[in-house]
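Contents: one structure, followed by commentary.
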Amino acid sequence: MISLSELYDIFCAHRQVTTDSRICPEGSLFFALKGDTFDGNRFAQAALDKGCAYAVVDEAEFATNERILLVDNVLHAMQQLARIHRERLGIPVVGITGTNGKTTTKELVAAVLREKFNVHYTQGNFNNHIGVPLTLLQLTENHEVAVVEMGASHLGEIAELVEIVRPDCGLITNVGKAHLAGFGSLEGVLQTKGALYDYLRAHDGRVFINAKNELLRSISHGLKQTSYALDASADVQGSVVDCSPFITLEWHRCGGAAHVAKTRFVGIYNAENMLAAATVGLHFGVNEAQICHALESYVPQNNRSQFVETAHNRLVVDAYNANPTSMMAALENFAAMQLPHKAIVLGDMLELGAQSRDEHQKIVDYVAQAQFEEVFLVGANFVQVADGRFCTFDNAEALAEYVSANPLIDRTILIKGSNGIHLTNIVPLL
């Protein structure tokens, strides 16, 4: 059985890490993770044969030579290795979590900090118990600051992740209704996300907090804080001066001169994410001009708040994920946009547990009074509550068949739904 310190020495000599035996860069370190339907231990030798220098396993029968290292638990060993690596490098780490907007905020914070520093940050949505340690293990001596996103779908997950990440400062974007099947209630979401505040409070860290968010303020006692808010008294203040369709944000330090950033974001709800990034940047000494440059240069990707003009339509694509809070925000923003011939394509919001029917009903009731020109609802949950009022489809494939036979032309279309509904598959048809 190899010790953690011995494993770290080996890692320092073989910095590339893989958990996929199909992807084995020469000289890398393979961690044999287990899942519900696979056991990485069985692929340890294959990983070595494909180029890995060492493999880490937790079943003795597979530790057949000196290059296969035995530990008690592979996942735990990888997590602890990441914690040690983060501590050894000692660079500032910004931790980010929240129900909505955490990935966008992470991207914006990284963009702002890159104006001054060599930044390492979470790629994609590698924000869970596996993705977070993999992110930390990619840190090098050349990095000057790290931005780490932490996600959760069950009670207690953020508390586990912060012990690995050990952030110096951080922010919770917001707390809303998501993954209710795992959290049980909004209170469960608040308790889980609030573990970031608990860690920073215990370690004299700083939080960046939305001064208008009463839920977050209610759990922020005893913390060093820098506040931000739209149209409110805060350390960093801002207002949206235009959103047709892209957001123009005017912002300033309390008592300071105003600055304007003309961004590529749609969705007024993204203004708070931008203001959060500006606040973090100011804390790290990024100047106002650099912050504006970062906000203006960033182009949304990955089906998050993207505005796309096709040969036939104008699309607002926000179909990476959806929950009741983000769905309502997207609908309200779209309803307020001054654009012609508005249609909406909504997909089911997944993982809501016992509250799923009620939450989908609330969305349908809002849509019924919002007076969009056309409404298309996709998924079993929406079909169940639509009550024949709108065009409904069991799945994205059925919608695609309809759109192929009945093309939509000269519409402004909001596309919003959980990633599992696959609404992005219809974008090429619009």
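The values are calculated or read from the model by the stated rules, or taken from the named source; none is laboratory data. Small disclaimer: the values here were computed from a predicted structure and weren't measured. Neighbour counts are summed over all protein chains in view; Cβ atoms, including those assigned to glycine, are modelled from backbone coordinates with ideal geometry. Keep in mind that these areas ignore ligands, DNA and RNA; they rest on the heavy atoms of the full protein, side chains included. Shrake-Rupley method; radii C 1.70, N 1.55, O 1.52, S 1.80 Å.
Quick look at the values:
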| quantity | calculated |
| --- | --- |
| Selected residue (criterion: most open to solvent (accessible area, probe 1.4 Å)) from residues of the range 236-255 that are in contact with a strand residue (DSSP E or B) (Cβ under 9 Å, 6 or more places away or on another chain), more than 15 Å from Ala278 (Cα to Cα) and not hydrophobic (A, V, I, L, M, F, W, C) | Asp242 |
| Qualifying residue in the range 293-302 (condition: modelled with pLDDT under 90 and more than 25 Å from Arg114 (Cβ to Cβ)) | no |
| Those helices (runs of 4 or more DSSP H) lying entirely in the range 195-313 with at least 1 residues under 21 Å from the mean Cα position of the chain (by Cα), among the charged types (D, E, K, R) and farther than 27 Å from Ala159 by Cα | 288-297 |
| Test: residue in the range 206-227 that is of a type outside the set (A, V, I, L, M) and at pLDDT below 90 | no |
| Number of the exception - Ser153 against (1) within 15 Å of the chain's Cα centre (by Cα); (2) crowded, with 21+ Cβ neighbours inside 10 Å; (3) not in a strand (DSSP E or B) | (2) |
| Near pairs, Cβ below 6 angstrom, 6+ apart or cross-chain, from the range 357-373 (of a type in the set (A, V, I, L, M)) to any residue that is outside any helix (DSSP H, G or I) | Val367/Val375 |
| Enumeration of residues in the range 351-360 that are open to solvent by 10 Å² or more (accessible area, probe 1.4 Å) and modelled with pLDDT under 90 | Glu351, Gly353, Ala354, Gln355 |
| Odd one out for Asp365, checked against (1) under 23 Å from Ala271 (Cβ atoms); (2) out of contact with any helix residue (DSSP H, G or I) (no Cβ under 6 Å at 6 or more places or on another chain) | (1) |
| From Glu250, Glu296, Glu272, Glu288, residue being of a type in the set (D, E, K, R) and farther than 18 Å from Ala111 by Cβ | Glu250 |
| Hey, Gly156 at pLDDT below 90 and at positive phi or not | yes |
| Answer from Pro92, Pro133 - the residue that is under 19 Å from Thr279 (Cβ atoms) and either crowded, with 24+ Cβ neighbours inside 10 Å or not small (Gly, Ala, Ser) (or both) | Pro92 |
| Qualifying position, being open to solvent by less than 30 Å² (accessible area, probe 1.4 Å) and touching a Pro at 6+ places or on another chain (Cβ under 6 Å), among Ala82, Ala110 | Ala82 |
| Selected residue [open to solvent by 50 Å² or more (accessible area, probe 1.4 Å), aliphatic (A, V, I, L, M) and modelled with pLDDT of 90 or more] from Ile409, Ile363 | Ile409 |
| Of all residues in the range 220-239 being in contact with a His (Cβ under 9 Å, 6 or more places away or on another chain) and not small (Gly, Ala, Ser), the one that is farthest from Asp198 (Cα to Cα) | Gln237 |
| Scan of the range 273-309 for residues that are open to solvent by 60 Å² or more (accessible area, probe 1.4 Å), within 18 Å of Thr173 (Cβ to Cβ) and of a type outside the set (S, T, N, Q), ordered by number | His283 |
| Failed item in (1) at pLDDT below 95; (2) buried (at least 18 other Cβ atoms within 10 Å of the Cβ), with Gly124 passing the rest | (2) |
| Subset of the range 136-150 (residues that are buried (at least 24 other Cβ atoms within 10 Å of the Cβ) and not aliphatic (A, V, I, L, M)) | Glu149 |
| Hits in the range 385-406 - residues which are free of Cβ contacts under 8 Å to residues at least 24 places away in the same chain, closer than 21 Å to Gln355 by Cβ and open to solvent by less than 70 Å² (accessible area, probe 1.4 Å) | Ala386, Thr392 |
| Strands (runs of 3 or more DSSP E) contained in the range 319-430 and holding at least 3 residues out of contact with any Cys (no Cβ under 8 Å at 6 or more places or on another chain) | 342-347, 391-393, 412-416 |
| Check on Gly170, outside any helix (DSSP H, G or I), touching a residue at least 60 places away in the same chain (Cβ under 8 Å), among the small types (Gly, Ala, Ser) and within 13 Å of Ile96 (Cα to Cα) | yes |
| Odd one out for Gly182, checked against (1) at pLDDT below 95; (2) buried (at least 17 other Cβ atoms within 10 Å of the Cβ); (3) part of a helix (DSSP H, G or I); (4) in contact with a Ser or Thr (Cβ under 7 Å, 6 or more places away or on another chain) | (2) |
| Odd one out for Leu377, checked against (1) modelled with pLDDT of 95 or more; (2) surrounded by fewer than 21 Cβ atoms within 10 Å (Cβ to Cβ); (3) in contact with a Ser or Thr (Cβ under 6 Å, 6 or more places away or on another chain) | (2) |
